[in-house]
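Single-structure report; data block below.
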Amino acid sequence: MEALQEVQTIVYQFGNKTADGNSKMKNLLGGKGANLAEMSAIGVPVPPGFTITTEVCTEYNRLGKDATIKMLEEDVAMSITNIESIMDAKFGDSENPLLISVRSGARVSMPGMMDTVLNLGLNDEVVQGLVDKTNNERFAWDSYRRFIQMYGGVVLGMKPESKDDIDPFEEIMEHLKEKRDIQLDTQFTVQDLKDLVYDFKDIVKKRTGHDFPTDPWEQLWGAVMAVFDSWNGDRAIYYRTMNGYPADWGTAVNVQAMVYGNMGENSGTGVCFTRDAGTGENVFNGEYLIDAQGEDVVAGVRTPQQVTKLGSERWAKLAKIEEADRLENYPSLEELMPSIYEELKQYQDVLEKHYRDMQDMEFTIQEGKLWILQTRNGKRTGAAMVKIAMDLLKEGLIDEQECLLRIEPNKLDELLHPIFDPRALKMANVIAQGLPASPGAATGQIVFFADEARMYKNTILTRIETSPEDLEGMNLAKGILTARGGMTSHAAVVARGMGKCCISGAGALKIDYKKRVLTVDGKEYHQGDWISLNGSTGNIIEGKVATMEPELSGEFAQIMTLTDRYATMEVRANADTPKDAKIARSFGANGIGLTRTEHMFFEIDRIRAMREMILADTVKGRKHALQELLPMQRSDFEAIFEVMEGLPVTVRLLDPPLHEFVPHQLATQKELAEDMHISLAAVKNKVAELEEFNPMLGHRGCRLGNTYPEITEMQTRAIIEAALNLKEKGITTKPEIMVPLVGTSNEFIEQEKVIRETANKVFKERNDSIEYLVGTMIEIPRAALMASEIAKRADFFSFGTNDLTQMAFGYSRDDASKFLPVYIEKGILKVDPFEVLDQEGVGQLIQMGTERGRDTKPDLKVGICGEHGGEPSSVEFCHNTAMNYVSCSPFRVPIARLASAQAAVRAAR
Ligand code: PEP
Ligand code: MG
């Protein structure tokens, strides 16, 4: 076999605004390498470097270490020389040292799964060069100790040996901290850092039997091979297997010059966004710190300054800082380093146009020279996502289809939650203001620790600052409030990603974790006190504030209009009340796909009549009770039909196990006995009689209508009379009567007969008629199998995927929570099949049911009304199954409309 380097390029260089590769070469250069090449090629100043291809990784597994080094030697030496000339520094030189980073980079991002070594190239001589060059002894020695620690762990295998073991380097640091009675790494003196370096080297020698490598080239080869090895590390293998990535993809290795923002007053580092990640507004913004490292900006320990003058002025206003004070202590980058700012602004424009999306960029200024370290599509709130997509469309950067695909359906959920009622806001007592880090309205009780976020139903996690360990608590809380940190602090970035309301950097807050007290302007707020956050203005409000329902407006409405242009499958709503129907209609539902009539009987005056009906021993007794229920049902249907004027409304006949309605408490049983003039014992007997071993498979669905046809009669009469009443008022209705839980065609035929006969009877009585359909739910596997038979009589099918999932898996809907979480944790199931449709298994039943139904009746109307009707991937499946509609809860209608349009766009592509 020919050697790899003779047949193709194995090392790709980038830097100095040129590159050998580009962003399309992800398979060969890995995602990171391809993007670095792309950025460099379009003229963005990325720290120079080179990428060793993924193919070399595969070769390495075959050839081993020595042969691989031999193969790479010449190209890597040449590439290092190239970096040296661009950076005007020398690798391994003790006077003008060049330090490098070595990172993995597979074709897909595998966060934290593989290894990285930073500050490579340091040894006892070089560190001295770094001290002289930077005039910063502390920085140089801190870099050195970090390097030994990283290299020791990644390359020399000095990691904790078991879960209970601690990192040997951390252990040394902990001892020193104890000895010196300090808590933080930042409290180490230069001498401490020097001691650490020597102690680290000692432990390396003790553990590995070898000295820590001092030759930078030996360090480099060690790191490159370690990155290759990490592709076959346990973590990476687990991640690959979980995601189905093949082992022969391999990882690329990216070697890049290190740049430092902590080299004095003309150095700095920051993060910037090409648009506002909270609101989507098209304004360049960001934060930076002079003489700092990347972590310093996001850690929230120092107050970051704003990149733009406008941002800085806005920030100062919120923080109540005078203009003179702002200019002196917190100038913007625009004011402090105008030419660097102009350069940065130009690159943000280039990068946004190039990637055609909002970018989140990291930059470093090293001694007056700007470097762009990384760019990626920025995380954003739901509101910003919608506005940015619509703006990019209007600016001509993307087309309509792309605009639709840019919206993450589930993220729309954020726009569908309540907002503060503006009238209530006027009277609100604003106690302080912070940065509007993530918009939204949150009202809750104060908790100070992430693991207490569950303590009340609604909590506001109130912290000095947050850290990655707080993630779960942040997710549970209704809102997040921090005293420190800017718009790019951990809290802000994470909250925006979660779409959670967050106010950061509210400097007026004094938080005492020990006492669990928040003090603002001398007033104390304790754990459990109510506060409200307005994430859009940064206002912190005392007590609760009333909220109101959101509506479709602005760009959100425009996106929804766009969905109608592309979607071919309609979206209906599951709604049992006129209120739900109104919400559904305001969100653009094309009709109602499921009205669960049993939900209409839970109100106090109705449940009594319902109970009488259930407990009746004779048809006469039952009919008497049904007679009482009829007017109530009729008026319910009238109200819903009226809201949905002109649109189809599917009303499902009574479905639930009857015992759900019978009284189980003695007091209610007594009341019922009195009402019905029967003995308590008789009521008790009947309750016992109705008890079922397996109610989900018991006397429910059409089994009720088939055993007690008078229920079907009453419901049909109520539907038809309601429609006729509205017709008299000039209101058009399109009722669709749906028979639940059919398993055999005869079950349907029997019910259909009762429905048609009753309807005809009413038509005759009223001397008038309306159009209506009679169809069935397909929610029992046998119904899907027998669909061609059932379709002979049914006007439509609606897949009840809640029951279909229950019965296909044999998982009780009521008991699955006992084992599903364990199944998911163990990977036996990837997701909860009651949330995300099991396309592989249950999906077959749906496809087969649809096909067989349409074999009999080509224009059979088919929809879905299980919970899956509002879940984007399931909606796409329904589109691909050529369904006519999905039906979901009212608040998910916009999500389903978008998912339906996206499915159509993707299918057409
Ligand atoms: C279903 O089974 O999917 C369905 C919509 O009906 P229900 O949830 O009421 O059983
Ligand atoms: Mg069902």
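The values are calculated or read from the model by the stated rules, or taken from the named source; none is laboratory data. No experiment lies behind these values; they were computed from the predicted model shown. Reconstructed Cβ throughout: ideal geometry from the backbone, glycine too, with neighbour counts over all protein chains shown. Only protein heavy atoms, including side chains, enter the accessible area calculation; ligands, DNA and RNA are left aside. Shrake-Rupley method; radii C 1.70, N 1.55, O 1.52, S 1.80 Å.
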| request: Roll a 1.4 angstrom probe over the protein heavy atoms and tell me the percent of accessible area of segment 418-548 that is carbon or sulfur. | output: 53
| Whole-number accessible area per residue in Å² for segment 268-380, which is evaluated in the context of all protein chains at 1.4 Å | 44
| Taking the highest mean first, how do the peptides 115-122, 730-737 order by number of other beta carbon atoms within 10 angstrom per residue? | 115-122, 730-737
| message | With a cap of 11 neighbouring Cβ atoms within 10 Å, and only residues DSSP puts in a loop, list the trypsin sites (Lys or Arg not before Pro) found in segment 388-482. | response | LYS457
| task | Please list the radius of gyration and Dmax for segment 1-114, considering alpha-carbon atoms only, with Å as the unit. | result | 14.4, 45
| said: Can you classify segment 418-548 as rounded, prolate or oblate using the Cα gyration tensor, where a ≥ b ≥ c are the square roots of its eigenvalues, rounded means a/c under 1.5, and otherwise it's prolate if a/b beats b/c and oblate if not? | reply: rounded
| DSSP-assigned coil residues among trypsin sites (Lys or Arg not before Pro) in segment 238-340, each with at most 12 further Cβ atoms within 10 Å | LYS320
| Between 0 and 90°, nearest 10: helix 554-566 axis offset from the chain longest Cα axis | 70
| Using a 1.4 Å probe, what is the accessible area per residue for segment 176-252, in Å²? | 55
| request: Compare MET258, MET610 by solvent-accessible area with a 1.4 Å probe and give them largest first, with all protein chains kept in place. | output: MET258, MET610
| task | Report in % the part of the accessible area of segment 268-380 that belongs to carbon and sulfur, leaving out ligands and nucleic acids; probe 1.4 Å. | result | 49
| task | Measure nothing but the geometry: give the 0 to 90° angle between the long axis through the Cα atoms of 338-355 and the longest principal axis through the Cα atoms of the chain, rounded to 10°. | result | 50
| said: On C-alpha positions alone, give me the angle between the axis of helix 190-208 and the longest principal axis of the chain, in degrees, nearest 10. | reply: 80
| message | Over 20 Å between Cα atoms: which of LYS457/LYS478; LYS582/LYS734; LYS387/LYS411; LYS620/LYS670; LYS411/LYS818 fall into that group? | response | LYS620/LYS670; LYS411/LYS818
| Where the accessible area of segment 821-909 is counted over protein heavy atoms with a 1.4 Å probe, how much of it, in %, is carbon and sulfur? | 49
| Accessible area of HIS624 in the full protein assembly, 1.4 Å probe (Å², nearest 10) | 120
| field | Largest-first ordering by accessible area, 1.4 Å probe, given options LYS515, LYS523, LYS792 | value | LYS515, LYS792, LYS523
| By DSSP, what percent of the beta bridges with both residues in the chain are antiparallel, rounded to the nearest 5? | 65
| task | Would you mind working out the accessible area per residue for segment 418-548, using a 1.4 Å probe, and quoting it in Å²? | result | 43
| Rounded, prolate or oblate: which fits segment 771-909 when a ≥ b ≥ c are the square roots of the eigenvalues of the alpha-carbon gyration tensor, with rounded for a/c under 1.5 and prolate only if a/b beats b/c? | oblate
| query | Leaving out ligands, DNA and RNA but keeping every protein chain, what accessible area does PHE809 have, in Å² rounded to the nearest 10, with a 1.4 Å probe? | reply | 60
| task | Could you rank the peptides 124-132, 206-214, 262-270 by their average count of other C-beta atoms within 10 Å per residue, with the highest value first? | result | 262-270, 124-132, 206-214
| Can you give the helix-only mean residue ellipticity at 222 nm for the chain, where every DSSP H stretch with n ≥ 4 adds -39500 (n - 2.57) and the sum goes over all residues, rounded to the nearest 500 deg cm²/dmol? | -14000 deg cm²/dmol
| note | Per the C-alpha gyration tensor (a ≥ b ≥ c, the square roots of its eigenvalues), segment 422-497 is rounded if a/c is under 1.5, else prolate if a/b beats b/c, else oblate; here it's oblate
